[in-house]
1. Within the range 356-375, does at least one residue satisfy the condition of being within 30 Å of the chain's Cα centre (by Cα), assigned to a loop (DSSP other than H, G, I, E, B) and either at pLDDT 90 or above or loosely packed, with under 13 Cβ neighbours inside 10 Å (or both)?
2. Does the range 400-422 contain any residue that is closer than 23 Å to Q266 by Cα, surrounded by 11 or more Cβ atoms within 10 Å (Cβ to Cβ) and of a type in the set (D, E)?
3. Hey, any hits in the range 59-73 for a residue that's within 27 Å of the chain's Cα centre (by Cα) and closer than 30 Å to A220 by Cβ?
4. Just for the range 238-256: of the residues that are out of contact with any helix residue (DSSP H, G or I) (no Cβ under 7 Å at 6 or more places or on another chain) and touching a residue at least 24 places away in the same chain (Cβ under 8 Å), which one is surrounded by the most Cβ atoms within 10 Å (Cβ to Cβ)?
5. Run down E331, E259 and say which single residue is part of a helix (DSSP H, G or I) and either surrounded by fewer than 20 Cβ atoms within 10 Å (Cβ to Cβ) or more than 22 Å from the chain's Cα centre (by Cα) (or both).
6. Would you check which residues across the range 375-391 are within 20 Å of L406 (Cα to Cα) and either touching a residue at least 40 places away in the same chain (Cβ under 8 Å) or of a type outside the set (G, A, S) (or both) and list them?
7. Residues of the range 358-374 being under 17 Å from E263 (Cα atoms) and either among the polar types (S, T, N, Q) or free of Cβ contacts under 8 Å to residues at least 12 places away in the same chain (or both), which ones?
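The values are calculated or read from the model by the stated rules, or taken from the named source; none is laboratory data. The structure presented is a predicted model; accordingly, all values stated were derived computationally and were not measured. Because the Cβ atoms are built from the backbone with ideal geometry, glycine has one as well, and the counts that use them run over all protein chains shown.
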Amino acid sequence: HSHNVGHAERDDTILEPYLTWQWYLKGEPLAKKCLDAADKGDLSFVNDRDERVYRHWLENIQDWCISRQLWWGHRIPAWFKDVPGKSEPEIFVGDKAPQGEGWVQDEDILDTWFSSALWPFVTQGWPHGGERLQAFYPGHVVMSGRDILFFWLVRMMMMGLELTGKVPFKTIYTHGLILDEHGQKMSKSKGNVINPDEIIKEYGADTLRVYEMFMGPLEADKPWNPRAVAGVARFLRKTYRLLTLEIAKHQEAKLKMAENRQELVQKLHWTIQKLSSDLPELKYNTAIAALMELSNVFEKMTTEKAYLFDKTEILDYIKLLAPLAPFMAEELYEQSQTLGLSKQTSVHLESWPKFDPNLLLEANTNLVIQVNGKVREQLSWPTEALADKEAILDHVKGLSSMQKWLLGKTIQKEIYVVGKVLNLVVV
């Protein structure tokens, strides 16, 4: 009778089941340490979902098969030796080969996730110790795609607690997946993946980095958008051009400080406050939106006849860019050496800028609300929340004064110019 016969994906040969001996790691003792760490507060989670998944896996743990029949990887540290008159060989497990003749090392390698689980402390000098291990272990926060929370993050917890007695990191934050342009999960077999080397070659590493952080809330799945990548590249080029020009202006003795620059200085200090709040909370998209607002005001006010920032303000601006666009910030920092302020060898060694509360923007900003291009309402909205389009839209929809324009209508499109106007196209 007919039946299904499995075939290999790569060469289409028939797959035949073959029972072999495998190495297993007992899961329960490792799982208990991981659960205890979470119970005691040594480990925290940004997303409640992550904690539920973490606990579900560990409370239902199974022994872990750690041997793989592949060529590349850490070889299983086990040796076999035939014993005359016995069906089972003698087995030795250790970090070095046993003494004597006749020993043959197991040809299997360790599971990739086993080796990857050692990363947090091996890269810092474990097991030899040293200053790097003391300085950088444990880490503060680990971020990965939510699909490998158990495969990697939990395994790092297991290894860290077992081998160092400490959690490898204090906070877990998983992010969503970057999907293809059609909203499908990227897969090499489907051929719908993005080659980051090509993006870097065309736009630079900073563009790729900033785009991925600007795509939206980290925990959400997001489709790849080539036009948005190009938009981020334009924003970075504009910021680089404006700051380079501003640094050069300070070398011209005939130029003076612009008189009417209050709006720009206020925006700079508001941006420092915004990033100081958003970056520790991992709100990268709103932090980048704030930098975009600053660059727009900068571009609008720039002039060849005067400079807009003093030397300290230029340096503060560059510091704001450093966590998000490190390569561009480093190059601008080198240019800023001509200002005579930079004392570090790298911008990443500089102290974080501080905002002056007296120079912040007003707490609220007036937004113009339009329906089909006609002004229907004025809305006072917190300046620091201007990037939150969805919250503004929800509020506008609920206003009683807007019902005569929206009730029974369908909103086909929302056009939002940050901090300026929200136009609703309805039918």
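1. yes
2. The answer is no, given that none of the residues of the range 400-422 is closer than 23 Å to Q266 by Cα, surrounded by 11 or more Cβ atoms within 10 Å (Cβ to Cβ) and of a type in the set (D, E).
3. Initial filter on the range 59-73 (within 27 Å of the chain's Cα centre (by Cα)): none.
Among the residues of the range 59-73, not one is within 27 Å of the chain's Cα centre (by Cα) and closer than 30 Å to A220 by Cβ, which makes the answer no.
4. At the first step, the residues of the range 238-256 found to be out of contact with any helix residue (DSSP H, G or I) (no Cβ under 7 Å at 6 or more places or on another chain) are 241, 245, 248-249, 252-254, 256.
Remaining after also requiring touching a residue at least 24 places away in the same chain (Cβ under 8 Å): 245, 249, 256.
Working: L245: 13, K249: 20, K256: 11.
Restricting to residues being out of contact with any helix residue (DSSP H, G or I) (no Cβ under 7 Å at 6 or more places or on another chain) and touching a residue at least 24 places away in the same chain (Cβ under 8 Å), the top hit is K249.
5. Working: E259 fails: part of a helix (DSSP H, G or I).
Testing whether each residue is part of a helix (DSSP H, G or I) and either surrounded by fewer than 20 Cβ atoms within 10 Å (Cβ to Cβ) or more than 22 Å from the chain's Cα centre (by Cα) (or both) leaves just E331.
6. Listed by number, the residues that qualify are V375, R376, E377, Q378, L379, K389, E390.
7. Of everything in the range 358-374, those that are under 17 Å from E263 (Cα atoms) and either among the polar types (S, T, N, Q) or free of Cβ contacts under 8 Å to residues at least 12 places away in the same chain (or both) turn out to be N358, N364, T365, N366.
A quick yes/no check of all residues on (1) in contact with a helix residue (DSSP H, G or I) (Cβ under 7 Å, 6 or more places away or on another chain); (2) of a type in the set (S, T, N, Q); (3) in contact (Cβ under 8 Å) with a residue 40 or more places away in the chain; (4) not in a loop (DSSP other than H, G, I, E, B):
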{"site": "K33", "(1), (2), (3), (4)": "yes, no, yes, yes"}
{"site": "D36", "(1), (2), (3), (4)": "no, no, no, yes"}
{"site": "D39", "(1), (2), (3), (4)": "no, no, no, yes"}
{"site": "R49", "(1), (2), (3), (4)": "no, no, yes, yes"}
{"site": "V53", "(1), (2), (3), (4)": "yes, no, yes, yes"}
{"site": "W57", "(1), (2), (3), (4)": "yes, no, yes, yes"}
{"site": "Q62", "(1), (2), (3), (4)": "yes, yes, no, no"}
{"site": "G73", "(1), (2), (3), (4)": "yes, no, yes, no"}
